[in-house]
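These notes are about the structure you will find just below.
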Amino acid sequence: MKIFLDTANIDEIKKGVNWGIIDGVTTNPTLVSKENSVFEDRIKEICETVKGPVSAEVVSTDYENMIKEAEQLVKISEHVVVKIPMLPDGIKAVKKLSSMGIKTNVTLIFSPLQALLAAKAGATYVSPFIGRLDDVGNTGMTIVEEIRQIFDNYFYETEIIVASVRHTQHVLEAALAGGDIVTIPFGVLDKMFKHPMTNIGLETFSKDWKKYQDYINNK
Ligand code: E4P
């Protein structure tokens, strides 16, 4: 399973990349707006740091302008993936960009049928938003299972990025549901390392090793 960081914060991305477990990054207008940086410069810096797929989102909602924005975005780096909102014009843009060899990530997916349309148009990735579905009383992960089944039934190569992840349980469920990728906030990644039994075990090992060394030194 590939792990992407869902952030535009360069320090978090550097930390994750340094651990050697980050395959890519997703950003969105909200995440970028939290950073005091020029959008294009930050995307470039992220691309140079992660050297893998980096989703940068268009803000237009009409076909012509989405294409124009996409053409500018891919000039930033070979790693840029153009994030396109799930709209009829967005799907039309994905079809065009796919024919131009430009990678796309269809965002704001809330149903398996939206994912099917994106895959048909040739999207490289689809991003179902799990946490936001949970927020409105649905079980978000169900759509990941359904998208997985549809893509497997018809051999679509579009990869599923499980997005809007709020906690480690989402990551576990995404892996069990067959998501190709999970994109997570840095805080969730950090928590994935942790288990109290690991700390207790480590403490015991170090105490016992110290006792053993004292015994050897006093022999
Ligand atoms: C995915 O690409 C989005 O950036 C993200 O996962 C949205 O998450 P949120 O619902 O926590 O804002």
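The values are calculated or read from the model by the stated rules, or taken from the named source; none is laboratory data. What you are looking at is a predicted structure, and each value in this text was computed from that prediction instead of being measured. Here the Cβ positions follow ideal geometry from the backbone for every residue, glycine too, while neighbour counts run over all protein chains shown. Please note that ligands, DNA and RNA were not included when accessible areas were found on the heavy atoms of the full protein model with its side chains. Shrake-Rupley method; radii C 1.70, N 1.55, O 1.52, S 1.80 Å.
Some values worked out for this structure:
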{"quantity": "Filtered residue count, region 129-165, keeping only those that are without any contact (Cβ under 8 Å) to a residue 40 or more places away in the chain, farther than 15 Å from residue 112 by Cα and among the aliphatic types (A, V, I, L, M)", "calculated": "1"}
{"quantity": "Candidate set from region 103-118 (those that are closer than 19 Å to residue 164 by Cβ and open to solvent by 10 Å² or more (accessible area, probe 1.4 Å)); member that is farthest from the ligand (Cβ to nearest atom)", "calculated": "113"}
{"quantity": "Given (1) away from the ligand (no atom under 13 Å from the Cβ); (2) open to solvent by less than 40 Å² (accessible area, probe 1.4 Å); (3) part of a helix (DSSP H, G or I), index of the condition residue 131 fails", "calculated": "(1)"}
{"quantity": "Candidates 198, 168 - the one that is open to solvent by 30 Å² or more (accessible area, probe 1.4 Å), closer than 30 Å to residue 31 by Cβ, free of Cβ contacts under 8 Å to residues at least 60 places away in the same chain and out of contact with any Asp or Glu (no Cβ under 8 Å at 6 or more places or on another chain)", "calculated": "168"}
{"quantity": "Residue pairs meeting the criteria (Cβ under 8 Å; at least 6 apart or on separate chains; first under 17 Å from residue 27 (Cα atoms) and in contact (Cβ under 8 Å) with a residue 40 or more places away in the chain, in region 103-128; second open to solvent by 40 Å² or more (accessible area, probe 1.4 Å) and within 10 Å of the ligand (Cβ to nearest atom))", "calculated": "127/108"}
{"quantity": "Selection status of residue 143, crowded, with 24+ Cβ neighbours inside 10 Å and within 22 Å of residue 52 (Cβ to Cβ)", "calculated": "no"}
{"quantity": "Test result for residue 136, in contact with a His (Cβ under 8 Å, 6 or more places away or on another chain), at pLDDT 95 or above and within 12 Å of the ligand (Cβ to nearest atom)", "calculated": "no"}
{"quantity": "Matching option when the condition is under 28 Å from residue 13 (Cα atoms), among the polar types (S, T, N, Q) and assigned to a helix (DSSP H, G or I), among 198, 183", "calculated": "198"}
{"quantity": "Residue list for region 156-179, restricted to those being in a loop (DSSP other than H, G, I, E, B) and away from the ligand (no atom under 14 Å from the Cβ)", "calculated": "156, 157, 158, 178"}
